[in-house]
1. Using every pair of alpha-carbon atoms in chain A, split the distances into 10 Å bins beginning at 0 and state the percent of pairs per bin, rounded to integers.
2. For the full complex of protein chains and a 1.4 angstrom probe, list B:Y227, B:Y56 by accessible area with the highest value first.
3. Around A:E110, what is the net charge, scoring Lys/Arg as +1 and Asp/Glu as -1 over all other residues with Cβ under 14 Å from its Cβ?
4. Within the set of other residues whose C-beta is less than 13 Å from the C-beta of A:L41, count the net charge using Lys and Arg as +1 and Asp and Glu as -1.
5. When we measure straight from the Cα of B:K232, which lysines land under 27 angstrom away, once same-chain ones fewer than 8 places off are left out?
6. Kindly provide the Kirkwood hydrodynamic radius of segment B:131-245 in Å, to one decimal, from all pairs of distinct alpha carbon atoms.
7. In percent, what relative contact order does segment A:90-154 have, based on Cα pairs under 8 Å that are 6 or more apart in sequence?
8. Nearest-5 percent of antiparallel DSSP beta bridges in segment B:92-314?
Amino acid sequence: MLPNLLNDNEFQLIQNYCFDRYGIEKEVWIYYSLYKRKEGLWLVNKGIENQIDLSQAESFGLRILSGKNYPYKITRSFVQVFLKHMSKGLIEVTSAQAESLLKRETIQIEAGPNFQKGYYVCLYQEKFVAIALRTQDAFVSQVPKSLTGQLSNNLKFSE
Amino acid sequence: MMDWPLFSERYRELIPNFSEFLSSLEKPFPIGLRENPLSCLPYGLEEKLKKMNCDYNRPILELDYFEVPGPRKNWGGDIDHHLGLYFMQALSSLMAPLALALRPGSMVLDMCAAPGGKTTHLCGIMENKGTLVATEPDLNRRRILKGNLTRLASFNTAIYPFKGQDLPFNNESFDCILLDGPCSSEGTFRTDVINGSKRRKNNYLEYNRYFRESLHKEQIELIEKSYKLLKKGGTLVYSTCTYDPQENEEVVMHALQKFSDLSLVPIELGFHLDVCPGVTQYNGQSYCEEMALTARLYPHFINSIGFYVAKFIKR
Ligand SMILES: C[S@@+](CC[C@H](N)C(=O)[O-])C[C@H]1O[C@@H](n2cnc3c(N)ncnc32)[C@H](O)[C@@H]1O
């Protein structure tokens, strides 16, 4: 599989999107390349394609954005790589809300004046809990089904 | 005490303090958590364990590695495990990636990668820089490998579905190679693991000559291929989790005899670990004196699985 790398324009669009939506500074991207594959964008180290023959590789890098187009959905890998660079798109939840999100339940939150639709990173005590899609007055948990059973059995958040 | 005819018949003379070795197999297998330096969480593993009031042990202060009370499934289901804060791994297994003494920007091959304990450790040491090639021929095990790489946020890794022998790279492509190959896994046998495990059915617990010979043949093919793929000046680490000299020293000896520019070098970890030197004789076979530079890890000296590591450089 050869990487279908984003060209400069496409790359810039992603940088702008991540800056506007998540406050990720553009300089953060200098070490990375992005390529398109299936329904998503994958992050790899810049220049990996010049170091090794990727034509027979089964996969490489991490899928950081899923979907075919804007608004891309951020993945857990996106959060893992970029959380420390994010200054927007974050929301702190209570322990009860954290548990609900991990059970894939929707939580109700009043839309403030600066309400913006889209994918948010939910934190509990600064710790990443889940990605949620914000609609008019709710956060819809994006935790994958495969994880909920395992997680909710073991989770106990205490204030 | 459980009877271990496999070990008593073959290794009574080989393994020092043999009766202590046998009693160590009766002790429960400790659960070890290796912290992932690529984790994005705003707290470290030790901080988490302290917060949980967990009765943990840090066997080697130089390593971010902690032994914790069981059961394993509780740790496997822990949210921080899912978020990539740590990998559950035996202490002995850390030795192979550490022995490579990697630099972050290197070109590295992990030749038998799944489930990825050592691959993810290598990524961490490389700080996600450089290029790591991981190959694994077994589809199901490759899925687990991918899951672990994703969970631990490794993005410098390319996964290939080949047998090590069939890797399609030019000779002398890699600075460092880890060959943690298929082996008889004797080092993982402990009473609590063996009871109820499938391994009884797989002839692991008795010495099956044909099984061992096919393993030996594969190990030889893999080490020969590793040699070819290694750059001049590069480092190769060969490791197994077995005690069997046929799968350890004999494979190393074969490589040394076949490739005159390959030599063994001391394994420097930067901390003390109670290891025994590789053996220079076994069952009527003699190996070279340098074999003492290779390391045997026994569960009665370090409370972990049995392991073997050899480090070569190609001049
Ligand atoms: C001891 S395990 C590797 C453990 C792994 N390095 C880790 O730390 O998680 C050996 C692996 O080698 C794979 N294997 C078997 N034959 C192989 C071959 N010819 N080439 C490459 N890998 C092979 C097995 O499927 C198995 O996953």
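The values are calculated or read from the model by the stated rules, or taken from the named source; none is laboratory data. Everything numeric in this text was worked out from a predicted model, so none of it was measured. Don't worry about glycine lacking a Cβ; one is built from the backbone with ideal geometry, like all the others, and counts go over all protein chains shown. For the accessible areas, the whole protein counts, side chains as well, though only heavy atoms, and no ligand, DNA or RNA atoms are used. Shrake-Rupley method; radii C 1.70, N 1.55, O 1.52, S 1.80 Å.
1. In order of increasing distance, the bins hold 10, 36, 32, 18, 4, 0 percent.
2. Largest accessible area first, the list is B:Y56, B:Y227.
3. Local charge sum for A:E110: 0.
4. Spelling it out: positives minus negatives among the neighbours equals +4.
5. In chain and number order, the partners are A:K46, B:K118, B:K129, B:K163, B:K217, B:K258, B:K311, B:K314.
6. 16.0
7. Normalised by residue count, the contact order of segment A:90-154 is 38 percent.
8. Roughly 50 percent of the DSSP beta bridges within segment B:92-314 come out antiparallel.
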